[in-house]
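Novice: One structure coming up, written as structure tokens, with questions to follow.
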Amino acid sequence: MTRTDRTEAGAPRRIKLRETVLSVADDQPTFWDKVESGLWEPETLALIGHQITPGTTLLDLGAWVGPTALYAAARGARVIALEADPVALAQLRRNLAVNPDLAKRIEVLACAVHAAEGRVAFGARRKPGDSMSSVLIAPGAATWTVDTITPLALAGRIGPGKLFVKLDIEGGEYELLPFMRPLVDRPDCRVLVSFHPGILATVMPDAAQREAATVRALEVFSGFASHALERSGPVARKPDAAAIASGAAPDKWLFVRA
């Protein structure tokens, strides 16, 4: 793929994301280089390209600077994008501002999805805005607090039709997934979960505890068809909690209500 030309400093950059050309105005030039080269999560983008059609709602839990939100909006979806990192959130809003036609389809919520309403502490392992902020806070991390919204409250914001949930919250999935039934119990729901066993290990070093946490997280998908998201695409496969917890299995899984 030929990379689009860079623009002068401070000006929006035009980039190609699969078949879509859009503008970006954030502070992530290296990331967008990877996108244009097809090196950033090509299997995730291909799955979204296949699953998202006009009339679909994408619930983007962990939107970061907006690659999946913008792509889904370009595919005709309504998008609800959650981002709890204030630095990433500001960059997401800048990217929406330079894509006004797509921004009309995207509702941004500056909060974290969580089991309970209130506020929750977040931390960034390297620096805020780096896509790695998490409720699983490493020692010495930069920290802040953010408002929360529950899965039940999110379910109330979604109208009828197909729902696609992208859950990529850097280790927060283990605590959250047992409370996701208000969303996943919808009749036409698909959920793409990114598991983060390495992040979990930083706060839960015991392997047996990590496996148990993974088992609890997977229970919400009882009765769902499951697919490991391989580089070649989704492969029908039953998730093995021990393998996921140890990092021996793929970290991305697609669950489809059967």
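The values are calculated or read from the model by the stated rules, or taken from the named source; none is laboratory data. Quantities reported herein were computed from a predicted structural model and do not represent experimental measurements. Cβ sites come from the backbone with ideal geometry, for glycine too, and all protein chains shown count toward neighbours. In case anyone asks, the SASA skips ligands and DNA or RNA and just uses the protein heavy atoms, side chains included. Shrake-Rupley method; radii C 1.70, N 1.55, O 1.52, S 1.80 Å.
Novice: Scan the strands (runs of 3 or more DSSP E) fully inside region 84-153 and keep the ones with 2 or more residues being surrounded by fewer than 17 Cβ atoms within 10 Å (Cβ to Cβ).
Specialist: 119-124, 142-149
Novice: Here is a further query. Just to verify a result, which residue in region 57-75, among those that are assigned to a loop (DSSP other than H, G, I, E, B) and open to solvent by 10 Å² or more (accessible area, probe 1.4 Å), is nearest to Arg93 (Cα to Cα)?
Specialist: Trp64
Novice: Pairs, please: C-beta under 8 Å, at least 6 apart or cross-chain, first residue closer than 16 Å to Ala115 by Cα and in region 155-166, second outside any strand (DSSP E or B) and open to solvent by 20 Å² or more (accessible area, probe 1.4 Å)?
Specialist: Filtered contacts from region 155-166: Ala155/Pro182; Ala155/Arg186.
Novice: Inspect all residues belonging to region 53-63 and state whether any of them is touching a strand residue (DSSP E or B) at 6+ places or on another chain (Cβ under 9 Å), at pLDDT below 95 and aliphatic (A, V, I, L, M).
Specialist: Among the residues of region 53-63, not one is touching a strand residue (DSSP E or B) at 6+ places or on another chain (Cβ under 9 Å), at pLDDT below 95 and aliphatic (A, V, I, L, M), which makes the answer no.
Novice: OK, next. So Gly76 ticks every box in (1) touching a helix residue (DSSP H, G or I) at 6+ places or on another chain (Cβ under 9 Å); (2) at positive phi but one. Which box is left unticked?
Specialist: (1)
Novice: Would you be able to say whether some residue in region 64-71 is at pLDDT below 95 and not aromatic (Phe, Trp, Tyr)?
Specialist: no
Novice: Which of the helices (runs of 4 or more DSSP H) found entirely inside region 170-258 contain at least 3 residues meeting this: open to solvent by 10 Å² or more (accessible area, probe 1.4 Å) and within 22 Å of Thr68 (Cβ to Cβ)?
Specialist: Output list reads 197-203.
Novice: Check whether at least one residue in region 21-42 is over 17 Å from Gly66 (Cβ atoms), at pLDDT 95 or above and assigned to a helix (DSSP H, G or I), and report yes or no.
Specialist: The answer is yes; a qualifying residue exists.
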